[in-house]
Amino acid sequence: EKGGYEHFMLKEIHEQPKAVRDTISPRINKENTQVVLDELKWTKEYVENFNKIYIVACGTAYHAGLVGKYYIEKLARIPVEIDIASEFRYRDPIIDEHTLTIVISQSGETSDTLAALKESKRLGAKTLAITNVVGSSIAREADQVMYTWAGPEIAVASTKAYTTQLVTMFLFAMYVSGLKGTITTERTHELLTQLRLLPDEINRTLEDVEPIKTFAKNYAFNNDVFYIGRSLDYNVALEGSLKLKEISYIHAEAYAAGELKHGTLALIESGVPVIALATQKSVYEKTLSNIKEVKARDAVMIGIAAEDDNELEKYVDHVIKVPATDELLIPLLTVVPLQLLAYYAAITRGCDVDKPRNLAKSVTVE
Ligand code: M6R
């Protein structure tokens, strides 16, 4: 049942190219010029009714939501607020009939997410669920559903659900921007062409596993690991750090690189592993200067960069490169080495990778 892999998590990491392809292909036309969402069939008027979007989710799905917020605001120019589901209901959110609430949930059964969905509906929002389980409670409760076609995810640590949630959010943002006219036909074509290449690029990323195994072995007995990045890189850093905590029980934190100076830099001392993501052009120089600050405290730095980057390696101890793609889509690639790093760190420490202590696959209590 594990298809020759030692753990479900490793199998599911390797299923990402297929999961991403299955989620994308039914939703783009042959010419790569249009996103077609038969499950929504929205009109320009329908979209223009919304003046605000909430994204609500837990854990990894929340991290996918952070990327989703970025996509929607960047491409479709609709303001997005994002909340952790267990916080959302208790802060009296401002919702009316011009609000769209998107909930994201792999299982479709997370109680807090379901409750947030119900509360949104009660207050008059339109609701859209992004979920992996057909007929789940969340799928049944929402007005509309976009399924991630990841296939069953068994390991407690979410991997292929995250990457398929990312592409689903991307497709949604492209769809809405097409309807609203906030994107040009050239840019649409360029992005959809890059999107189609992702499954093969994820495959290539998966092949480059040896250095990651070595890092995992070398750093698996450190007490703390930090992840830093700006913009989308920060969102991926959050997911990488959750993965490491969850299955290897190493204390890991992700910080927006620009926040370091506001407190966290005090924790950086000689030999502490810091994983720095630097793929976003608009903040690249700023990220580099943060990396230099950390390096100056003698941290051990692992950089994650696109393969056409020849700069980062000058400032860090090791670099992991991923194929170069549009910077909007690169989170789909940079997360892969972080998943593998968490996996091999957990193996090195002898942890039960598929069933980490204290955790359940689906959290059905609030
Ligand atoms: O089924 P859901 O997507 O609603 O689950 C949400 C979280 O419980 C889940 O993503 C959790 O954070 C994972 N174990 C992370 O790997």
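The values are calculated or read from the model by the stated rules, or taken from the named source; none is laboratory data. Small disclaimer: the values here were computed from a predicted structure and weren't measured. Positions of Cβ are generated from backbone atoms using ideal geometry, with glycine treated the same way; all protein chains shown enter the neighbour counts. For the accessible areas, the whole protein counts, side chains as well, though only heavy atoms, and no ligand, DNA or RNA atoms are used. Shrake-Rupley method; radii C 1.70, N 1.55, O 1.52, S 1.80 Å.
What number in nm² do you get for the chain if you take the convex hull of its Cα atoms and divide its surface by four?
Taking a quarter of the hull surface, the average projection is 17.4 nm².
Using a ≥ b ≥ c from the Cα gyration tensor of segment 164-323 (square roots of the eigenvalues), is it rounded, prolate or oblate, where a/c under 1.5 gives rounded and otherwise the larger of a/b and b/c decides, a/b for prolate?
Because a/c hits 1.5 or more and a/b exceeds b/c, segment 164-323 counts as prolate.
Note down, for segment 1-83, the three equivalent ellipsoid semi-axes (square root of 5 times each alpha carbon gyration tensor eigenvalue), biggest first, whole angstrom.
30, 20, 10
Running a GNM on the chain with Cα contacts under 10 Å, which residue among G263, G108, G124 ends up with the highest mean-square fluctuation?
In the Gaussian network model the winner is G263.
Wrap a convex hull around the Cα atoms of segment 198-288, take a quarter of its surface area, and give that in square nanometres.
With every direction weighted equally, the projected area is 6.7 nm².
Using DSSP H assignments, which helices in the chain have an axial alpha-carbon span of 18 Å or above and a mean Kyte-Doolittle hydropathy of 0.0 or higher?
Those that pass (Cα extent of 18 Å or more, hydropathy at least 0.0) are 160-180, 232-248, 331-348.
Rounded, prolate or oblate: which one fits segment 231-366, using the alpha carbon gyration tensor with axes a ≥ b ≥ c (rounded when a/c is under 1.5, else prolate when a/b beats b/c, else oblate)?
Judged from the Cα gyration tensor, segment 231-366 comes out prolate (a/c at least 1.5, a/b above b/c).
Using alpha carbons only, what's the Rg to Rh ratio of segment 49-132 with Rh from Kirkwood?
My calculation puts Rg/Rh at 0.93.
Just to confirm, what accessible area per residue do you get for the chain at 1.4 Å probe, in whole Å²?
40
Quick one: with all protein chains in place, what share of the accessible area of segment 108-227 is carbon or sulfur, to the nearest percent (1.4 Å probe)?
Working: 2290 of 4480 Å².
Solvent-exposed carbon and sulfur of segment 108-227 make up 51 percent of the total.
Can you work out D for segment 88-225 in µm² s⁻¹ from Stokes-Einstein, where Rh is the Kirkwood radius over C-alpha pairs, the temperature is 10 °C and the viscosity is 1.306 mPa s?
Details: Rh = 17.7 Å.
The estimated diffusion coefficient comes to 90 µm²/s.
Given a 1.4 Å probe and every protein chain left where it sits, what share in percent of the accessible area of segment 299-366 is carbon and sulfur?
47
Counting helices only, and only those DSSP H runs with n ≥ 4, report the 222 nm mean residue ellipticity of the chain as the sum of -39,500 (n - 2.57) divided by its residues, in deg cm²/dmol to the nearest 500.
The helix-only estimate for the chain comes to -13000 deg cm²/dmol at 222 nm.
From the P(r) of segment 298-366, could you give the percentage of C-alpha pairs in the tail past 14 Å?
When every Cα pair of segment 298-366 is considered, 70 percent fall beyond 14 Å.
Counting Lys +1, Arg +1, Asp -1, Glu -1, what net charge surrounds Y284 among other residues with beta carbon under 11 Å of its beta carbon?
Here the count lands on -2.
Using Cα pairs under 8 angstrom and six or more residues apart, how large is the relative contact order of the chain, in percent?
Normalised by residue count, the contact order of the chain is 20 percent.
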